[in-house]
Amino acid sequence: MNDAQREAAVRRAMPIALRTAAGILGSREEAADIAQEVAIDVYKTAESLRDPGAFDSWVQRIAVRRTMRVLRKQKDRQTVPLALALELEGLPENGTDRELAIAARAALIQAFAQLPDRQRVALALRYIHDLSDHEIAEAMGCRTGTVHSLLSRGRATLRRSPALRELVLDLEPLR
């Protein structure tokens with residue numbers, strides 16, 4: 001693999017790694033750091049990929065491993081990064097819809113941050129990357145049954161989240 005092909009692989013890997021890490025961590029800054037580390041890994045080990053069709057899965061596996069290391073190192077996970085919740089991209093221009101969208105993002109990020117790491121990773125891979133159970137299992141290095149369990153427990157925990165329940169109660173009068 002020549003340098004131009006490696007650089008193309010890095011350019012393709014960066015958004016995949018960024019989306020994966022941001023979805024799990026809820027912090028664009030930390031996700032950008034992880035994406036850069038993944039890019040370095042991809043550049044250094046690109047020729048070890050035997051099946052070019054598995055590139056996205058390979059990058060997601062690297063990103064998940066790097067992100068899990070960061071999660072293990074974090075001591076105070078009670079601090080919820082709201083940067084993603086407060087981003088303006090994709091929000092309505094003004095009014096009640098905009099306020100509700102910001103509140104919904106903040107509540108979801110707060111609830112997501114309370115999940116165990118592996119549940120958070122599984123849910124991010126499902127709902128951000130739209131991966132199948134088999135693809136999530138490959139990315140996480142576990143069995144498909146484990147993925148079923150992680151997704152089920154993660155969704156159940158989110159349903160019990162006080163932040164999300166409060167948001168639902170706030171939305172009731174609008175129905």
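Coordinate-derived values only; no laboratory data. These numbers come from a predicted model, not from an experiment. Here Cβ is always computed from backbone atoms with ideal geometry, including for glycine, and neighbour counts include all displayed protein chains.
Taking the average, over residues, of other Cβ atoms within 10 Å as the packing measure, peptides 106-119, 37-50, 2-15, 57-70 rank 57-70, 106-119, 37-50, 2-15 from highest down.
Suppose R0 equals 41 Å; then what is the FRET efficiency for residue 144 and residue 100 from their Cβ-Cβ distance, rounded to the nearest 0.05? Taking R0 as 41 Å, the efficiency between residue 144 and residue 100 is 0.70. Put simply, the amide H of residue 128, placed in the peptide plane, has no neighbours under 5 Å, leaving out anything fewer than 5 places away on its chain. Once the Cα-Cα distance is subtracted from the 0.36 nm per residue extended length, the residue 11 to residue 65 segment shows a gain of 17.5 nm.
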